[in-house]
Amino acid sequence: MFSARGSCRGSRGASFAQILMKNAPLQSGLSDSHAHPSALSRPREDHFDQKVKSPFKRGYAFKPSVSPQTLIDNYTQGETNAVSLLHQLANILEFHLEIKETVTTGNITGLYFAFCVVIDGVEYKTGMGITKKEARLKAAQLALPDLLPTLQSLKSFPPEASDVPPPLPVKEEPSISDMHPCRAIRERTSPVNLQIPHAVRDQLTKLMNSHPEFSPCAGTTAAFIIQTSSGYEVVALGTGSLNTNGSASSSGRIVHDSHALVNARRSLMRFLYRHLLMFFSKTANLTEKSVFQQSSSSGLLSLKSGITLHLYVNQLPKGASQIQTKLRLNPHSILAWQVNNEISLHLSVEGKVFSVFSSAFDHSASTVVSMSATDKLTQWQVLGYQGALLSHFIEPIYVQSILIGDVGCSDIHGMKTSVSQRVEGITPQLPMFYCMMRPHISLVPAVATNTADGCHLTYGINWSEGDSSLEVVDGLEGKTVEESPFKSGPALASRLCKAAMLHRFKLVAKEAQRQDLLATSSYGEAKRMAKPYQEAKKVLRAYLLQQGYGPWLVKLSVSDHFNM
């Protein structure tokens, strides 16, 4: 099931602010008793672990007698070994260093010792040797190629300890592809991770064979897949990469955000509306075919037992998901403002993405702005993919896994960080049936490469299970194009627009005999009446702001004032 019952994995993890303060220097006048709690409760290590703590007391200015660059130069010239260099850098740069014994990797035969370097909780590659000394040296030699480029980017050592930037905003294990390349390959080629892309490819091929002129649009594919006992079925699909170039519409008949993920999610909503109409129909056969069942605990509908939902994306979502791998090396790897910009909420404007903290974006411009795809995924993994209107009828719906088929992506560290870790600990604050659902995120074979060219650069397609043909929308105009196989009418309003969604909502409300919902005066009022959903949304946005990720974009309410 992907309703909230018994499957939500919310945790009370460290907050953004707490993690940022992990290695921050003490302010003048504060005693050591104000140090971060994690520093007061570290467990004792076995005698193989090598810990190094700085002899300098935090909060006092000092200048090292030897600069980090000099030590690095000495190492590159062969004047010192890798283990000595790490100890010296740990003393000067005040990071926590361990060289701990671990297990051998791969199919290694014979008696070997294995050690790995751990810097501020981050493990580097495993070194092996016939003796412990040899294994420790090898581990240090393997860690330095990752560490030194970052340290060498520092122009000079900070003159005061108080100038030291805070550490990275998240605690994350090293990339699977970095530490366990064989495991990464196995994950890509696991049966589940192969069957889902195959299902998406088959459906996409079927659609494109019927309309080959739109095949260049397939490079930005996103799709939702339902898994049942009989296998995997693609139920919603979308492509696209743009927002409209005009101002917000008050008619509800313009699609302002035509990114692939958004188009696929709206197509999923159309699929859910279709199955709600089947459930509420007076035909037993249709009710039985619906994916919904009555929930005894909430009074709403939920997905039938044994049905799970998966999401496939052909590109790593824009925004915080694209956080650089090197950000996790050590506290001196980047400046504090860079940390904030990378992991913060992001805005999507005319194909470009800006941090909400960025001064490069003109907030006064009339251009349509939306939250980044990564931030929307973060929101949907808390509020559900059904949205406000559907939450009148069904429990929150979450995806169990997110599969990334980006051929240029080898690391999903940022994806895991931004979608799950930013909202860890929020579940206890949410209304009943809402939670932070942590999806399994993995790399899979790509379904299609991004080959869009010419006039198709602005086009996006959408389709959901039950559609007779696909619809093609011009992302800049927010309307269906004349050559689209499906057109709703001469006005060229897309079947994904808000007005179309409100029409489906009213149809379901009528079938469900919900007079209170039929009486709503506008699209916005119908959304506001979904009290638990709105409360969950309020909690989420306050939580993200409190944790330091920035404010969520507040849309103009005029765009929701329309009615049918």
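The values are calculated or read from the model by the stated rules, or taken from the named source; none is laboratory data. Everything numeric here is computed off the predicted structure, so don't read it as measured data. As a convention, Cβ positions derive from the backbone with ideal geometry for all residues, glycine included, and neighbour counts pool all protein chains shown. The area values use the complete protein model at the heavy-atom level, side chains included, leaving out ligands, DNA and RNA. Shrake-Rupley method; radii C 1.70, N 1.55, O 1.52, S 1.80 Å.
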**Asked** What is the sum of charges around Lys289, taking Lys and Arg as +1, Asp and Glu as -1, for the other residues whose C-beta is under 12 Å from the C-beta of Lys289?
**Response** 0
**Asked** What order do you get for 280-286, 543-549, 388-394 when each peptide is scored by the mean count of other beta carbon atoms within 10 Å, highest first?
**Response** 388-394, 543-549, 280-286
**Message:** What does the C-alpha gyration tensor say about the overall shape of the range 485-564? Classify as rounded when a/c is under 1.5, otherwise prolate if a/b is larger than b/c, or oblate.
**Reply:** oblate
**Fill in**
So Gln77 and Asp202, fully extended at 0.36 nm per residue minus their Cα-Cα distance, gain in nm 39.4 nm
**Prompt:** Does the range 426-564 come out rounded, prolate or oblate by the C-alpha gyration tensor, with a ≥ b ≥ c the root eigenvalues, rounded set by a/c under 1.5 and, if not, prolate when a/b is larger than b/c and oblate if not?
**Reply:** oblate
**Request:** Apply 1/(1 + (r/R0)^6) to the Cβ-Cβ distance of Ser521 and Phe486, taking R0 = 35 Å, and write down the FRET efficiency to the nearest 0.05.
**Result:** 0.70
**Request:** May I ask you to give the solvent-accessible area per residue for the range 473-559, in square angstrom, as obtained with a 1.4 angstrom probe?
**Result:** 50
**Request:** Based on the mean of other Cβ atoms within 10 Å per residue, sort peptides 137-144, 79-86 so the most packed one is first.
**Result:** 137-144, 79-86
**Prompt:** Looking at the square roots a ≥ b ≥ c of the eigenvalues of the Cα gyration tensor of the range 226-331, which shape do they give, rounded for a/c under 1.5, prolate if a/b is larger than b/c, or oblate?
**Reply:** oblate
**Fill in**
In whole angstrom, largest first, the equivalent ellipsoid semi-axes that the Cα gyration tensor gives for the range 359-439 are 24, 20, 13
**Request:** Could you do me a favour and compute the accessible area per residue for the range 398-437, 1.4 Å probe, result in Å²?
**Result:** 27
**Ordering of 514-526, 287-299, 368-380 by burial proxy (mean other Cβ atoms within 10 Å per residue, highest first)** = 368-380, 514-526, 287-299
**Prompt:** For Ser251, what charge total do you get from the other residues with a beta carbon under 12 Å from its beta carbon, if Lys and Arg give +1 and Asp and Glu give -1?
**Reply:** +2
